[in-house]
Structure formats: C-alpha cells, structure tokens
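J.: Right, I'll just put the structure down here and ask away after.
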Amino acid sequence: MKHETRIAKLGIAKRRGAFSTFPGADWSACLVRTNVGDLVASLGKCHCVASIEDVTDSVYDGTWMPPNGMGWSLLVVHKHQDWCSFADIWMYNRDCDRIASDFDGEVLRTGHRDDIAYVRLWVNGKQRLEFVTDGAGFPMPPEDIDPDDDEDYRNIYDFETDLYDGDFPHTFKTIEEAHQQLIIDRDAYVAGITFDDGTRDGTYGLSAGYRHDAAVDRKNVTAVYAVTFTQDGG
C-alpha cells in the first residue's frame, strides 16, 4: 500500500499509478491515448462511436445531462498526462471494450471486481497485456497449484503479454505492487474518475477517488467530451 498512500501526496504532474488496487468496492477505469494524429478524430473512426461533442463548459457548470436512449461516457482530457480517462455512472461500461479492438492507439483497462484485480492493454486493436489475479496475497505460479486445495485456487492468475517476461508478476511481494507497476510502466495516472453525485455540493459532476480530486479540477483538465455509442453490433 506504500505507493497508494504516497501517490496523492505528489504534485498532479508527477502522479503515475492507480488511486487504489483493492479500495473496498468494485471499480473500473478505461483510458485511451494516441501518438498518431488527433485523439478525437481517431476515436471518431471507431465503428461503435456515434458522436463526440465538447461539453467542457456544461459539465463544469453543472448543466450537462446524459443523453436519453444512448450509451454514453465522458472523455476527460488531462493536462498532465497523455492518457485520457472515460468517466460515467456505471461500474463497468462495456462500450469501452468495443473501442479497444477498433481504436488507432492504446486502450488501458484496469479495475477490481468480485475480488479480481486486472490490467488489460490494447495497442492498435491488438491486446498486448492480460493480467488477472483473484484473491488476497500474491498469485501462486500455476505449476504450484494443488487442484485439491481451494486456497490455491483463490490465487489463480492470468498473465499473458509480449511486453514482459512471464515471471514478471512474481518479482513483487504483493498483488498491489504488481498492479501499480503495470500502470506506472504505461506512464498512466488512474484517478478513479466517475460522473456521479459525489461532488462536494452533492450535484452530478466529475469526481475522483479519495484524495484525488485534483485530477478533475478544471485547471488540470484540457477538455471534456461526451461520447455516445451505437447499439451493440455497430
């Protein structure tokens, strides 16, 4: 937990890693970035994206409302990192998975659900990283798992990538350390951003994980776009 404790104390420009690994509740995050051309233009080419609109002013003055009858997410463009964060009111927006295989750039997925922590990375539509770990402590190497021991099965993990050696996760003492390093290696700051009623005055707006409000402070945000999605299959 050392990095999680320290990250919020750093200046916003220096923060890299995730606000938490096991925060006590399910969470998910999707970040995107591109080194080729304009991010909005690249995102607009995805078959699942119906429209993209700059809604920065209305989000920050509290007047923006989600569109009726459409899948949507807000895309927060940060001043202090290349990655942009999707933000919505759902625990897991599956429309972001549709972007992953169709986006000209990088898509980073991470989170914690039902005691499973994960990191997934796609580059130009190809998945390059799959890290999944189930249970507390550190995942046990598959060759050491006893099929008759339920305790062993709690720590089964999946690590498939061409970016690291296969034993990379086992160079760390805890799941948290491995998870954080994978995010840091991507030069990403995952602040736990959502669009909900968790703002200080209780209205709907952008909020972030505990002690990470600076990530959605307007002075640290370049723009906010409303992205709407086609129906599944689009």
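The values are calculated or read from the model by the stated rules, or taken from the named source; none is laboratory data. These figures come from a predicted structure and were not determined experimentally. Backbone-built Cβ (ideal geometry, glycine too); neighbour counts: all protein chains shown. Remember, those area values only see protein heavy atoms, side chains included, never the ligands or the DNA or RNA. Shrake-Rupley method; radii C 1.70, N 1.55, O 1.52, S 1.80 Å.
J.: Could you order peptides 25-36, 210-221 by the average number of other Cβ atoms within 10 Å of their residues, highest first?
T.: 25-36, 210-221
J.: So, for segment 3-229, what is the accessible surface per residue at a probe of 1.4 Å, expressed in square angstrom?
T.: Per-residue accessible area for segment 3-229 comes out at 48 Å².
J.: Next question. So what's the back-of-envelope 222 nm ellipticity for the chain, counting only DSSP H runs of four-plus at -39500 (n - 2.57) apiece and dividing by all residues, rounded to 500?
T.: Only helices count here, giving -4000 deg cm²/dmol.
J.: Give the long-range amide H neighbours of Gly105: residues separated by 5 or more places, or on another chain, with amide H under 5 Å away, using H modelled in the peptide plane at 1.01 Å from N.
T.: Asn124, Gly125
J.: Here is a further query. Rounded to whole Å, give me the distance from the Cα center of segment 2-59 to that of segment 97-134.
T.: 13
J.: Using unit Cβ charges (K, R positive; D, E negative) and no other charged atoms, how large, in debye to the nearest 20, is the dipole of segment 3-229 about its Cα centre?
T.: Approximately 1340 debye in magnitude.
J.: Now, a different point. Which residue, chosen from Gly71, Val227, Tyr164, occupies the Cα position most advanced towards the positive end of the dipole of the chain, where the dipole is computed from +1 (Lys, Arg) and -1 (Asp, Glu) charges on Cβ about the Cα centre?
T.: Val227
J.: Could you calculate the contour length gain from Thr174 to Lys45, that is, 0.36 nm times the residue separation minus the distance between their Cα atoms, to one decimal place in nm?
T.: Answer, rounded to one decimal: 42.5 nm.
J.: Taking amide hydrogens as modeled 1.01 Å from N in the peptide plane, which residues meet the under 5 Å criterion relative to Ala18, leaving out close sequence neighbours?
T.: Val190
J.: Let me spell out the model: positive unit charges on the Cβ of Lys and Arg, negative unit charges on the Cβ of Asp and Glu, origin at the Cα centre of segment 1-72. What dipole size does that give, in debye rounded to 20?
T.: In debye, rounded to 20, segment 1-72 gives about 660.
J.: Same structure, new question: Of Met70, Met91, Met65, which has the most accessible area and how do the rest follow, probe 1.4 Å?
T.: Reading off the accessible areas and sorting them downward yields Met65, Met91, Met70.
J.: Hey, another quick one. Could you check how much of the accessible area of the chain is carbon and sulfur, as a whole percent, using a 1.4 Å probe?
T.: Answer for the chain is 47 percent, counting heavy atoms of protein chains only.
J.: If a cysteine in the chain has no other Cys Cβ under 4.7 Å from its own Cβ, put it on the list, ordered by number.
T.: Cys46, Cys48, Cys84
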